[in-house]
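This report refers to the structure that appears directly beneath it.
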Amino acid sequence: MKKKKCKSCGLEFTPTKPIQAVCGYSCALKYGKKIIAERQQKKVNAERKQFNYNNMTLSDWKKKVQVVFNKFIRLRDLNKGCISCGTTLLGKKYDAGHFYATTYEGLRFNELNVHGQCVQCNRDKHGNIHEYRKKIVERIGVEGLDWLDNNRYLKLKLSKYELEELFEIYKQKIKEHESI
């Protein structure tokens, strides 16, 4: 059989069985204890995550929804190019750029307000808003842009339950886009 590296001590050894991972009995004991400790830690982490999930504030939920919402936007617009400069987004790191910033709470999770945008336009050029405004009409039409302009001061008054629902909706939309 081919030599292997012991998963416990790191020394090379010749295994007597194809699935043998350690060089001897003492290493097997150490490796077994390590595996048990890792499993226990995963269990503790899962319990902590569940605890945190149940005790999240509205602000925590907004952040959590923002992450899945932005991921959905990036998947949706992957083949459309940057909303501002038209640069291809394929094979590049890019953002979900908001036409009206997230400080306009009512439009924060509005799909008409957010589009795939290259990092240079979104971060370096602070949204490249002049070009964004020109190109957004091609995607959402004049009526859509007028609606955004007229409703930018809407307040976002979502409950924890509504944010949880939004989170699940966008998780599902992500799954649908990833399966395409």
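What follows draws every value from the coordinates through simple rules; no lab data is involved. Everything numeric in this text was worked out from a predicted model, so none of it was measured. Here the Cβ is made from the backbone with ideal geometry for all residues, glycine too, and neighbour counts use every protein chain on show.
Laid out as a table, the results:
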| read-out | value |
| --- | --- |
| For the chain, size of Cβ-based charge dipole, Lys and Arg +1, Asp and Glu -1, in debye | 1440 |
| Links that overshoot a 29 Å alpha carbon limit, given the list LYS93/LYS135; LYS62/LYS173; LYS92/LYS135; LYS34/LYS171 | LYS34/LYS171 |
| Charge sum, other residues only, whose C-beta stays under 14 Å from LYS4's C-beta, Lys/Arg counted +1 and Asp/Glu -1 | +4 |
| Listed values [x] 24.5, 71; [y] 24.6, 74; [z] 16.4, 51, entry calculated as Rg and Dmax of the Cα atoms in Å | [y] |
